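Have a look at the structure below, then the notes.
The values are calculated or read from the model by the stated rules, or taken from the named source; none is laboratory data. Just so we're clear, the structure is a prediction, and the values are computed from it rather than from any experiment. Glycine gets a Cβ as well: all are built from the backbone with ideal geometry, and neighbour counts include every protein chain shown. Ligands, DNA and RNA are excluded from the accessible area calculation, which covers all protein heavy atoms including side chains. Shrake-Rupley method; radii C 1.70, N 1.55, O 1.52, S 1.80 Å.
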Amino acid sequence: MSALTLRELAGRLDLSIATVSRALAGDRAIAAGTRERVAEAADRYGYVPNIAARQLVSGRSGFAGFVMPVRGPNFIDPYLGEFLTGLGEGLVEHGLDLFVATVPAGRGELSVLRHVVESGRADGIVVPRIGETDQRLDYLIARNFPCVAHGRLLDATAEYNWLDTDSVLAFGEAFELLYGLGHRHFGLVSISDAMTFRHMRERGLREAMSRRGDPGVTLDIVNPPRFDRGATIAAINSLLHRERRPTAILGLFDELALTVMEEAARAGLSIPRDLSVVGFDNITASAYAPPGLTTFEAGARESAREIAHMLVEVITKKPAKPLTRLIRPALVARGSHGAAPEGLRDR
């Protein structure tokens, strides 16, 4: 049996062609029940939209773009896996597909982004991991090209669409949790890269310490390059083997916190008896690394789904003001934090 045309599918449903077309595109102006009925019928009758015809009529590609750097054959990024899954899920609800453009070693991310935009391969772009200043956003804003950033620039006056997690709040909460357990000597494993999330999380910790006004509170920070594992391990050990080491260490994100736990075990330290560790992101591995990493749920997959909905709104409705969302992360308390070691509390 040959596949139905759009007109035939509309006839079987006793709906207008325009309604069926908009329902298949995920237009939220169409009632959810109607969209579900159209999608079910399209699947049952084997309807396949004529993408080329739709592009000619709409002037759109039907794709949202995501530019992803490739950092080597052994590069594993739990954030990207969760984020891309959620992004794809959110886009498909609106009839869009995800277009991933990789950036090979030796080529600039901006040049790949320019190619994606100027070739017309994507109707909008999702920009992850925003730098304190960011050439990608500068380019997209200057071109007035539909985009949504996962994260923020340091320049609070810049106008663009973004969704971010309130990591200032989270790191302040982490400090208060540990302070209440008697910890006064803190360590932070950060990064040297000029990323806004680094700035925000360090700020959250420092501001919480300042609010306490306790002269007995100290903070040691190490900041190795983000993707240099050897330098990261060396920096962590510089904290663990100090004559007066911290009793609580925060990792800027879970991979760093998990590495702290690994190196602490090698050093013969028991978590949380000798050392408390807290991370951020709640990646899958954080639940399984003994004794379980206390962290904050950043909701990468859910955030990406919301970003997909925002991007579709930017593409289709062109809102007069930038769309912004700030999400509150939730503490996930596991076994890696506890009271400060006896003899070191409140000192």
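So, of the residues in the stretch 336-347 that are modelled with pLDDT of 95 or more and open to solvent by 30 Å² or more (accessible area, probe 1.4 Å), which turns out to be nearest to the chain's Cα centre (by Cα)?
His337
Output the qualifying pairs, or none if there are none: Cβ atoms under 7 angstrom, residues six or more apart or on different chains, first residue in the stretch 309-325 and charged (D, E, K, R), second residue in a loop (DSSP other than H, G, I, E, B).
Glu313/Pro319; Glu313/Leu323
Gly26 - would you say it is assigned to a helix (DSSP H, G or I) and either within 31 Å of the chain's Cα centre (by Cα) or without any contact (Cβ under 8 Å) to a residue 24 or more places away in the chain (or both)?
Working: assigned to a helix (DSSP H, G or I): no; either within 31 Å of the chain's Cα centre (by Cα) or without any contact (Cβ under 8 Å) to a residue 24 or more places away in the chain (or both): yes.
So Gly26 does not fit the description; no.
Collect the residues in the stretch 281-292 that are of a type in the set (S, T, N, Q) and open to solvent by less than 20 Å² (accessible area, probe 1.4 Å), keeping them in residue-number order.
The initial filter retains those residues of the stretch 281-292 that are of a type in the set (S, T, N, Q), namely 282, 284, 286.
Hit for the stretch 281-292 is Ser286, nothing else.
So, in the stretch 1-15, how many residues would count as being open to solvent by less than 60 Å² (accessible area, probe 1.4 Å), part of a loop (DSSP other than H, G, I, E, B) and at pLDDT 75 or above?
Counting residues in the stretch 1-15 that are open to solvent by less than 60 Å² (accessible area, probe 1.4 Å), part of a loop (DSSP other than H, G, I, E, B) and at pLDDT 75 or above gives 1.
Restricting the search to the stretch 236-253, which residues are closer than 11 Å to Leu188 by Cβ and either of a type in the set (Gly, Ala, Ser) or surrounded by fewer than 20 Cβ atoms within 10 Å (Cβ to Cβ) (or both)?
Matches in the stretch 236-253: Ala248, Gly251.
I'm checking my understanding of the structure. Among residues of the stretch 34-66 that are at pLDDT 90 or above and not in a strand (DSSP E or B), which one is most open to solvent (accessible area, probe 1.4 Å)?
Result: Arg37.
Looking at the stretch 71-85, can you tell me whether even one residue there is assigned to a helix (DSSP H, G or I), β-branched (Val, Ile, Thr), in contact (Cβ under 8 Å) with a residue 60 or more places away in the chain and surrounded by fewer than 20 Cβ atoms within 10 Å (Cβ to Cβ)? I'd like the intermediate steps shown before the answer.
Initial filter on the stretch 71-85 (assigned to a helix (DSSP H, G or I)): 78-85.
Narrowing further to those that are β-branched (Val, Ile, Thr): 85.
If we keep only those that are in contact (Cβ under 8 Å) with a residue 60 or more places away in the chain too, we end up with 85.
Keeping just the survivors that are surrounded by fewer than 20 Cβ atoms within 10 Å (Cβ to Cβ) gives 85.
Yes, there is a match, as at least one residue in the stretch 71-85 is assigned to a helix (DSSP H, G or I), β-branched (Val, Ile, Thr), in contact (Cβ under 8 Å) with a residue 60 or more places away in the chain and surrounded by fewer than 20 Cβ atoms within 10 Å (Cβ to Cβ).
Kindly provide the set of residues from the stretch 293-335 that are open to solvent by 20 Å² or more (accessible area, probe 1.4 Å) and of a type in the set (Ser, Thr, Tyr), ordered by number.
Thr316, Thr324
Report yes if some residue within the stretch 259-280 is within 30 Å of Gly90 (Cα to Cα) and open to solvent by 10 Å² or more (accessible area, probe 1.4 Å); otherwise report no.
Here is the first cut: in the stretch 259-280, the residues within 30 Å of Gly90 (Cα to Cα) are 279-280.
From what's left, open to solvent by 10 Å² or more (accessible area, probe 1.4 Å): none.
No - not one qualifying residue is present in the stretch 259-280.
Show the residue pairs that are 6+ apart or on different chains and have beta-carbon atoms under 8 Å apart, the first residue being within the stretch 279-292 and within 18 Å of Leu188 (Cα to Cα), the second being part of a loop (DSSP other than H, G, I, E, B) and open to solvent by less than 10 Å² (accessible area, probe 1.4 Å).
Short answer, once both residue conditions are applied: Gly279/Leu293; Phe280/Leu252; Phe280/Pro329; Ser286/Gly279; Ser286/Gly292; Ser286/Leu293.
Of all residues in the stretch 150-192, how many are out of contact with any helix residue (DSSP H, G or I) (no Cβ under 8 Å at 6 or more places or on another chain) and at pLDDT below 95?
Going through the stretch 150-192 one residue at a time, the tally reaches 3.
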